[in-house]
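The values are calculated or read from the model by the stated rules, or taken from the named source; none is laboratory data. For clarity, every value in this text was computed on a predicted model and none was experimentally measured. FYI the Cβ positions are ideal-geometry reconstructions off the backbone, even for glycines, and counts take in every protein chain you see. Accessible surface areas use protein heavy atoms only, side chains included; no ligands, DNA or RNA. Shrake-Rupley method; radii C 1.70, N 1.55, O 1.52, S 1.80 Å.
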Amino acid sequence: MKLRNPFKPKNRNVNQVQGWIDLADFLGIDKNLDDDERSEATYFACLKILSEAVGKLPLKLYHRTKKEGVLEATDHALYSVVRYRPNRFMTSTNFWSTLEYYRDHWGNAYALIDSFGDTIKLIPLDSSKMEIWYDDAKLLSKIPDVFYLYSNGGTTYKFSSEEILHFKTSITDKDGLRGLSVREILATTIKGNQKAQRMQNALYESGFTAKAVVQYTGDLKDSTVKNFLSNLETYAKGEVDGAKGLIPIPLGTQLTPLNTKLGDNEFLELKKYSALQIASAFGIKPVQINDYSKSSYASSENQNLAFLVDTLLFILKQYEEELNYKLLNEKEIRKGYYFKFNTGMLLRADLKTQVESLTQGIGGGLYTQNEARSFLDLEAKPGGDHLIVNGSMIRSEQIGAQYKINEDPVKGGDGNE
């Protein structure tokens, strides 16, 4: 059954085409993926860690006001789009994790801005089917612009730069328009790890039976040798019932194993080193790929914080800047609207630490009691909406005022008569 695109395409000019794009393409489902790189365990783990890290962070639209400070712009049409449902087929978690996966694997991630206002939808596009063109010769438009050409089923769709959200890696081509993926840059390292994995798989399949030299008396014809060796290998692998640990050999035959030990070739150390190289290229910390050789519980917490600062902040800042520029107009930006990820989700501590931190925030006048209770998912209480501080605290310009004497310079005395 052929999938039909539920999103109605816009009418386009002569240089653009009309038609339907499969639902699978609109939802970022790549039907012709090359699984070679993703079959490498470390590479796949890095893709998973980054995509899930972005997907788990709530993205909200805020409004900065002069009187009330920063408020969540829940009444804005874009709030529910980026926070809950970018399109009717995907939750925000699925949407942002999908875009981050495409950005990491292909070097670029794209989302179509479909419609505007209350009916706006954000639809991920298959990165492998997108081409980027800069029309400096004004062939497609009277104004030079970046155009995105999306090909599907022999049909090409042209989108302007204002219709596409484009997220790329930190390493780009010379023109700065297309991001380069880790798999392009570290192709040799990833391929090397794949070969190591295939070698390990071959050992499993052979039952860890090493190669051997067979000395026997007989014909050397190919068919005879193949049948003879095939029977020996069947017993060596333990594939014969009742003879799992025995290898019967004809009289006059001798087996001389050619032992190749992984330890002698530092196989595991080299494989581990390559894995750390791949993780480092993604900005993934060793503890995140289960390498605890040089870490403790305390250092693991520090590595999680370093992951946020060193890796995620750049990614999140790019998402926020692109959304602010493409989804908000100049009037809304001047009014103080902006998108922001809540990174506090990654730094959630244990309950004891949370309570101590919130208690200090209440005592310092940073949170009201009800605001602190909301962090713990507790209901508000009457009288809990006021800021409270220690009464001994005063403003900096009033320091020393309590020691001054109100004297009358003419009459003298303390002025309290």
The number of residues in the range 43-94 that are over 23 Å from Lys335 (Cβ atoms) and assigned to a strand (DSSP E or B) is 2
Whichever residue in the range 100-118 is in a helix (DSSP H, G or I) and over 18 Å from Leu149 (Cα atoms) and, among such residues, is modelled with the lowest pLDDT: Gly117
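Residue-by-condition table, conditions (1) assigned to a helix (DSSP H, G or I); (2) at pLDDT below 65:
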position: Val213; (1), (2): no, no
position: Asp219; (1), (2): no, no
position: Ser223; (1), (2): yes, no
position: Asn227; (1), (2): yes, no
position: Asn231; (1), (2): yes, no
position: Ala243; (1), (2): no, yes
position: Gly263; (1), (2): no, yes
position: Glu269; (1), (2): yes, no
position: Ala275; (1), (2): yes, no
What is the residue count in the range 99-132 for residues that are within 16 Å of the chain's Cα centre (by Cα) and open to solvent by 30 Å² or more (accessible area, probe 1.4 Å)? 2
Open to solvent by less than 60 Å² (accessible area, probe 1.4 Å) and out of contact with any Cys (no Cβ under 7 Å at 6 or more places or on another chain): is that true of Glu320 in this structure? yes
All but one of (1) at pLDDT below 65; (2) open to solvent by less than 30 Å² (accessible area, probe 1.4 Å); (3) touching a Leu at 6+ places or on another chain (Cβ under 8 Å) hold for Gln194; which doesn't? (3)
How many residues are exposed (fewer than 12 other Cβ atoms within 10 Å of the Cβ) and modelled with pLDDT of 80 or more when one looks only at the range 133-144? 0
Please determine, by comparing only the residues of the range 146-166 that are more than 29 Å from the chain's Cα centre (by Cα) and not in a strand (DSSP E or B), which one is surrounded by the most Cβ atoms within 10 Å (Cβ to Cβ). Gly153
How many residues does the range 87-98 hold that are under 12 Å from Ile123 (Cβ atoms) and either open to solvent by 10 Å² or more (accessible area, probe 1.4 Å) or at pLDDT below 95 (or both)? 5
Among (1) open to solvent by less than 60 Å² (accessible area, probe 1.4 Å); (2) free of Cβ contacts under 8 Å to residues at least 12 places away in the same chain, Asp75 falls short only on (1)
What number of residues within the range 362-389 satisfy the criterion of being outside any loop (DSSP other than H, G, I, E, B) and closer than 20 Å to Leu351 by Cβ? 9
Does the range 405-415 contain at least one residue that is farther than 30 Å from Leu323 by Cβ and modelled with pLDDT of 70 or more? no
Test for Gly365: is it open to solvent by less than 60 Å² (accessible area, probe 1.4 Å) and either at positive phi or among the aromatic types (Phe, Trp, Tyr) (or both): yes
Looking at the range 13-42, which of the residues that are out of contact with any His (no Cβ under 9 Å at 6 or more places or on another chain) and not in a loop (DSSP other than H, G, I, E, B) is modelled with the highest pLDDT? Thr42
